[in-house]
Amino acid sequence: GGRNIAAPAPEPPRSIFVGAGFFTAHSSFLQVAPFDPFLPFVFMGEEIMLTTRFYTNGFDVYSPRVNFFAHQYRPGRLGLPKFWESQDRAFGSGGSNTRFMLMIVDRVKHMVGYESPVKNPDVLKHVSDHDGPNYGLGSHRTLTEFLRFAGLDMVAMTARSP
């Protein structure tokens, strides 16, 4: 038996989050919101960080009208390598909780509005340089506006349907 598949929406639906594994945009976005070279191997927090930076720089995110790809994420117990395994070898074991990854997560948490104190202030370098690339938030819309739009409360650590 076949499945009933709904017809695609007439226009791409507005989305809240950027999918870090697959998004398309004109390359000019890199002049406004370049990838942050101080977030190598970012994994935990990548989507919310990208989305927050894009939103505050004035970009709106839309989803495709139909699904083009699926992401089959298989656990490591099946023997499939993950990119962070190289970090484990270099910075100690612990999966994604290596010293290096915890520094990266600290930078991401600060940028998206978590109130927890930053353990290492050096991770905040170049978040908002006035004389160079901006690897932090934009000035077109505020972080507060994004959090309201997305239904997120970083103080209470809750999410609601927007």
Worksheet, complete the sentence: Reported to the nearest 10 Å², M103 has, with a 1.4 Å probe, an accessible area equal to 90
Discussion item. Quick check: net charge around G58, other residues with Cβ under 13 Å of its Cβ, Lys/Arg +1 and Asp/Glu -1?
Written reply: 0
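Which net charge results for the neighbourhood of D153, defined as the other residues with beta-carbon distances under 12 angstrom from its beta-carbon, given Lys and Arg at +1 and Asp and Glu at -1? It would help to have the intermediate numbers written out before the result.
Numbers: positive: R148, R160; negative: E115.
Net charge around D153: +1.
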Worksheet item: With every protein chain left in place, what is the accessible area of R65 in Å² (1.4 Å probe, nearest 10)?
Response: 120
Worksheet, complete the sentence: Interchain or sequence-distant (5+) residues whose placed amide H lies within less than 5 Å of the amide H of S15 are V61, Y62, S63
Worksheet entry | Surface accessible to a 1.4 Å probe, T144 within the full protein complex, Å² | 90
Worksheet item: Where does each of E46, E11, E145 land when they are ordered by accessible area, with a 1.4 Å probe and the largest first?
Response: E11, E145, E46
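The values are calculated or read from the model by the stated rules, or taken from the named source; none is laboratory data. Bear in mind that the values here come from a model prediction, so they are computed numbers and not experimental data. Cβ sites come from the backbone with ideal geometry, for glycine too, and all protein chains shown count toward neighbours. What goes into the accessible areas is simple: the full protein's heavy atoms, side chains included, and nothing from ligands, DNA or RNA. Shrake-Rupley method; radii C 1.70, N 1.55, O 1.52, S 1.80 Å.
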